[in-house]
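The values are calculated or read from the model by the stated rules, or taken from the named source; none is laboratory data. Note that the coordinates shown come from a computational prediction; the quantities given were computed from them, not determined experimentally. Please note: Cβ atoms are built from the backbone with ideal geometry, for glycine as well, and neighbour counts cover all protein chains shown. Each accessible area value is taken on the protein alone, full model and side chains, heavy atoms only, with ligands, DNA and RNA left out. Shrake-Rupley method; radii C 1.70, N 1.55, O 1.52, S 1.80 Å.
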Amino acid sequence: MKNVQQFSTLGTLIKPLAASLALAGLVAVSLAGCDSANSKVPDAPAAGGPPISAAAVVEKQITETQEFSGRLEAIERVEIRSRVGGFITAVNFKPGSEVKKGDVLFVIDPRPFQAEVSRAEGTAASARAKAELAKLELSRAEKLLAEKAIAQREFDEKASGLKELDANARSAQAAYEAARLNLSYTQVQAPISGRVSKAEITVGNLIDASAILTSVVSTDRIYASFDGDEDTYLRVAGTAQKGTPVTVKVGLANETGFPHEGKLEFVDNQLDPATGSVRMRATFANTDRQLVPGLFARIQLDGGNGPQAQNTALLISDRAVGTDQSRKYVYVVGADNKAEYRAVKLGPASDGLRVVREGLKAGEKIVVNGLQRVRPGAPVTPQMVAMDFDPTAPAAPAKPEVKDAKIAAKAASTTKE
């Protein structure tokens with residue numbers, strides 16, 4: 001019994017001691033692990049730079065273009081006025097509709113003008129009758145003069161009277177024709193075919209010749225006017241003035257690209273010294289009536305040597321371009337995967353990419369996404385993508401890889417069951 005109590009006491013003392021030894025061992029192992037990890041740090045390779053997307057500079061044949069902002073203008077625009085005064089009795093069009101040349105738009109009360117026509121017609125008929133009578137009397141006087149039955153003076157008076165009456169007849173006839181013309185003006189007709197505006201003066205109003213009744217603009221063809229710069233003038237003025245067609249395309253605010261194609265029709269004879277710009281105008285067919293005068297237009301002008309003229313150019317994405325005050329730059333990924341600051345001179349856009357005039361060579365790798373994480377001379381971790389890569393586009397779902405053919409076959413059989 002005494003031995004059992006001693007063994008129990010000894011076990012009680014050993015348990016705390018074993019726990020202490022176990023804890024000391026764990027601490028020692030941890031410290032050894034830390035020493036081992038610390039001893040490996042100097043031998044580990046340096047960490048890579050931030051991940052970025054890089055693409056090779058594209059070189060291809062393009063038709064170089066320039067883009068401007070402009071306005072659409074009607075080729076013909078007419079303010080409709082009445083040539084005579086009077087009361088408006090009818091308006092024969094719907095506002096905003098298309099009208100044809102000769103359509104009657106307004107009717108002015110014709111009764112006063114009809115009365116004037118009748119009066120002038122009577123006056124002209126009376127004058128003609130007097131002139132015819134004088135002609136007969138002169139004919140008789142010629143016979144009498146030959147027989148010396150009348151004096152020469154009397155014959156001369158009759159000849160002069162005939163000339164006066166003949167002139168009066170012509171004057172009365174002219175007054176009659178003027179009265180008829182004024183009567184026709186009581187029907188205000190469209191002078192051109194096109195789209196009519198609203199009626200500025202309605203039925204029942206008294207108007208004179210100064211009143212604007214409405215307006216009509218042509219719609220089958222249309223102008224696009226814009227201001228080009230000096231470089232554009234030097235490139236296209238000579239070509240346009242020789243009659244060689246220069247292609248111009250137009251896109252509206254709600255359209256993508258430039259779906260409407262026309263020809264450069266006018267280049268002004270001088271530049272504005274205050275702005276350094278020159279007025280230009282292109283002509284477009286408008287069979288679908290989508291082009292309306294006054295609309296804002298995006299205008300694309302080709303290189304001036306015809307639509308087939310092409311040049312070799314270097315192209316990059318606009319996402320790769322940064323702005324440093326007034327300069328544009330890109331980051332070139334060198335052979336050691338370090339970013340190099342490179343100033344560039346840019347040109348116009350072409351097929352969604354930007355032309356590079358100076359600063360890059362074909363095939364060089366530049367950063368196209370992740371520009372904000374790059375510093376000059378710092379290492380980067382590039383992932384090669386296409387130059388027109390869009391980082392905002394959703395990525396295609398990755399397909400799971402099946403490494404073991406047996407597992408794949410078993411999965412297929414399980415699916416069938």
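Does residue 210 qualify as being loosely packed, with under 13 Cβ neighbours inside 10 Å and under 24 Å from residue 77 (Cβ atoms)?
yes
What number of residues within the stretch 185-239 satisfy the criterion of being among the hydrophobic types (A, V, I, L, M, F, W, C), assigned to a strand (DSSP E or B) and over 27 Å from residue 295 (Cβ atoms)?
3
Could you list, in sequence order, all residues of the stretch 307-326 that are at pLDDT 90 or above, part of a strand (DSSP E or B) and more than 17 Å from residue 382 (Cα to Cα)?
Within the stretch 307-326, 314, 315, 322, 323 meet the criteria.
State the number of residues belonging to the stretch 139-183 that are touching a Phe, Trp or Tyr at 6+ places or on another chain (Cβ under 9 Å), open to solvent by 50 Å² or more (accessible area, probe 1.4 Å) and free of Cβ contacts under 8 Å to residues at least 24 places away in the same chain.
2
Quick check on my filter: what residues within the stretch 240-265 are in a strand (DSSP E or B), in contact (Cβ under 8 Å) with a residue 24 or more places away in the chain and open to solvent by 50 Å² or more (accessible area, probe 1.4 Å)?
Listed by number, the residues that qualify are 249, 265.
Only residues that are open to solvent by 30 Å² or more (accessible area, probe 1.4 Å) and closer than 30 Å to residue 88 by Cα: list them for the stretch 110-138, please.
110, 111, 112, 113, 114, 115, 116, 118, 119, 121, 122, 123
Could you run through the stretch 76-124 and say how many residues are farther than 30 Å from residue 294 by Cα and without any contact (Cβ under 8 Å) to a residue 24 or more places away in the chain?
Going through the stretch 76-124 one residue at a time, the tally reaches 4.
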